[in-house]
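What follows is a short report on a single structure.
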């Protein structure tokens, strides 16, 4: 289920990158053929000028969502703390360790999910910034060729 969600999120991000392409209108009566030719030339110019290829940026996968060990680390820390508390309060460090390990695993999982969400958000922001830079250069090229760009 998680893989389906990530694939859908990636598809939306990739299509959003191309959705930002500015609208171009032939302000001086350029033919559709001429506009297509200029579009290709400006695509190549913007790619060369910025070093950004929209197809590569849109095809960049999101950060991996694999296990980070946060749950194991949280469980270990929780078990240690639980053993101490169990020994001091109830003379039962084993029970305290078990409770602490469970609580630590939950906290570690929450921390891991937050970390993954932040990484995905940063990756999407970086991708959008690159696309904005690219489309700005593309638009400047098309305006220089006599098109209205918005």
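If you take the square roots of the eigenvalues of the alpha-carbon gyration tensor of the stretch 23-63 and sort them as a ≥ b ≥ c, do you get rounded (a/c under 1.5), prolate (a/b over b/c) or oblate? Prolate shape, in that a/c is at least 1.5 and a/b is the bigger ratio. Ordering of 22-29, 49-56 by packing is 49-56, 22-29, highest average first (other Cβ atoms within 10 Å, averaged per residue).
Every number in this text was worked out from the coordinates using simple rules, so none of it is lab data. These numbers were taken from a predicted model, which means no experiment stands behind them. Neighbour counts are summed over all protein chains in view; Cβ atoms, including those assigned to glycine, are modelled from backbone coordinates with ideal geometry.
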